[in-house]
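Each remark here refers to the structure printed beneath this line.
The numbers here are math on the coordinates, done by the rules we state, and not lab data. Source: prediction; values computed, not measured.
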Amino acid sequence: MVRAQKGQLPYSEHTTRSKKAVSFEALPIVSLTPISGVLIKCDASIKAIIVRIDADRNDIIVEDLDDEHLLIKEAKLPELKQRLSETLKATLREQESSNSE
């Protein structure tokens, strides 16, 4: 702390703060629409299949959260289940046919 002599103010009180000009920018207004979603936990291989299914139209996955979690549109869940089941069955048939050879 700076000590002032009798009749003087400390140095810090003598200084004046500089006033800086403040500028404001107009920011765009963003309208957000809430989406009802379902949190899915799966292993990496199933997640890769879901991501590949969604790559066609990009209308299923809301957010890819991490290695094991996806947020899916609730309305698309039945469609995803059906397409995932079909993909897994096709993969299983391919494996069975390659094993029989």
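Shape class for the range 35-100, computed from the alpha carbon gyration tensor (a ≥ b ≥ c): prolate, with a/c not under 1.5 and a/b above b/c.
3J(HN,Hα) along the range 44-54, derived from phi through the Karplus expression 6.51 cos²θ - 1.76 cosθ + 1.60 where θ = phi - 60°, amounts to 4, 5, 5, 4, 4, 5, 4, 4, 5, 4, 6 Hz, with x in place of Gly and Pro. Once the Cα-Cα distance is subtracted from the 0.36 nm per residue extended length, the Asp43 to Leu77 segment shows a gain of 10.5 nm.
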